[in-house]
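Report on one structure; see the data block that follows.
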Amino acid sequence: MRISKEKAADNRAALIRAASKLFRERGIDGVGVAEISKEAGLTHGALYAHFRSKEELALEALSYGLDQSNSRMYSATSDGMPDLDRFLDRYLAFDSRDDYGDRCPMAASASEIGRQDTAISARFAEGYMVMVRAFERQIEHNEPDSDALARAMVVVATLIGSLAVARGAAKGNPAVSEQVLQAARRMLDELMLAQPHAHAPARRDDRPAA
C-alpha cells in the first residue's frame, strides 16, 4: 500500500528523531536498525525505504542533534548575539549531564565519531565550528585584541570534554563529577574574558528545568 508524501516525510522524521536519541544514549555502534525502527514505531523495512544504510541515518541523526544544540544556543539573544552565559549554565548543568538522549550529540559521541566514516566526521567538525564561531564573536566583543578563534575553540572543546568527563565519573564518584562541571564553568568565564562570577551547576534539589 502506497503512503502519502506527507506520511513518508513524517516516518522519515520519526526515524531520525529515534536514531538521534538512541545514538546519544547508547552510541552509534550500540544500537541496531531494528531497535531504531521500533523506537520510531515503524518496521525494519520502513527504515531502508528512507535510508540506504545505518551510516546514512547516523549522519542525519547527528545533524538533527546538532540543530537542536544550535537552537538551544540561540534560544535567547541580545543584539543578535546568543546569550552564551545562559547557554553555558544550561550546558554544564546536571540536567545535561544526566540526559544523554536529548543533549549535545558531540559530548555523547565525540570519541566514537572518530571511528565513523568521513561524512559523519565532517558533520561533527562543522557542528563544532558553528559553536566556535558564536563564542568567537563574543570573545572579540569582550576583548578585540585577543586571539578570539583560539580561545573559542578551547571554550567549545572544554564544554564537550567537561560534560563527557562528568558523565563518566557520575556513577562512580559523584563528587568528582560535580567538581568537573563547577570548575569548567568558572574557567570558561576566564576564557571568555568575562567578569568572574559564581557559577555552579544546580544541585539535584534545585536544578533548573531543561
Q. How large, in percent, is the carbon and sulfur part of the accessible surface of segment 72-134 at a probe radius of 1.4 Å?
A. 49 percent
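Would you work out if segment 115-183 is rounded, prolate or oblate? Take a ≥ b ≥ c from the square roots of the eigenvalues of the alpha-carbon gyration tensor; rounded if a/c is under 1.5, else prolate when a/b is larger than b/c, oblate otherwise.
Working: a/c = 3.95, a/b = 1.28, b/c = 3.08.
Oblate.
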Q: Mind checking which of Ser111, Leu149, Gly80 is farthest towards the positive end of the chain's charge dipole, using Cβ charges of +1 (Lys, Arg) and -1 (Asp, Glu) about the Cα centre?
A: Ser111
Q) For segment 130-199, what is the accessible area per residue in Å², given a 1.4 Å probe and the full set of protein chains? A) 51 Å²
Q: Provide, as a two-decimal number, the C-alpha radius of gyration of the chain over 2.2 N^0.38 Å, N being how many residues it has.
A: 1.11
Q) Dipole of segment 1-132, Cα-centred, from +1 at each Lys and Arg C-beta and -1 at each Asp and Glu C-beta, to the nearest 20 debye? A) 500 debye
**Q.** segment 1-94, accessible area per residue, ligands and nucleic acids excluded (1.4 Å, Å²)
**A.** 53 Å²
Q: Just report the Cα centroid separation between segment 1-42 and segment 59-111, whole Å.
A: 21 Å
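Mind checking which helices in the chain clear 15 Å along their axis (Cα) and have mean Kyte-Doolittle hydropathy of 1.6 or more, DSSP H runs only? Spell out each step's value before the answer.
Details: long enough: 5-26 (31 Å, -0.85); 54-73 (28 Å, -0.64); 118-142 (36 Å, -0.14); 148-170 (32 Å, 1.64); 174-191 (26 Å, -0.10).
Helices meeting the span and hydropathy rule in the chain are 148-170.
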Q) Amide H of Asp83: which non-local residues (sequence gap of 5 or more, or other chain) have their own amide H closer than 5 Å, using H built in the peptide plane? A) Ala76, Thr77, Ser78
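The values are calculated or read from the model by the stated rules, or taken from the named source; none is laboratory data. Predicted model, so just to flag it, every value in this text is computed and none were measured. Neighbour counts are summed over all protein chains in view; Cβ atoms, including those assigned to glycine, are modelled from backbone coordinates with ideal geometry. Heads up: the accessible areas ignore ligands, DNA and RNA and are worked out on the full protein's heavy atoms, side chains in. Shrake-Rupley method; radii C 1.70, N 1.55, O 1.52, S 1.80 Å.
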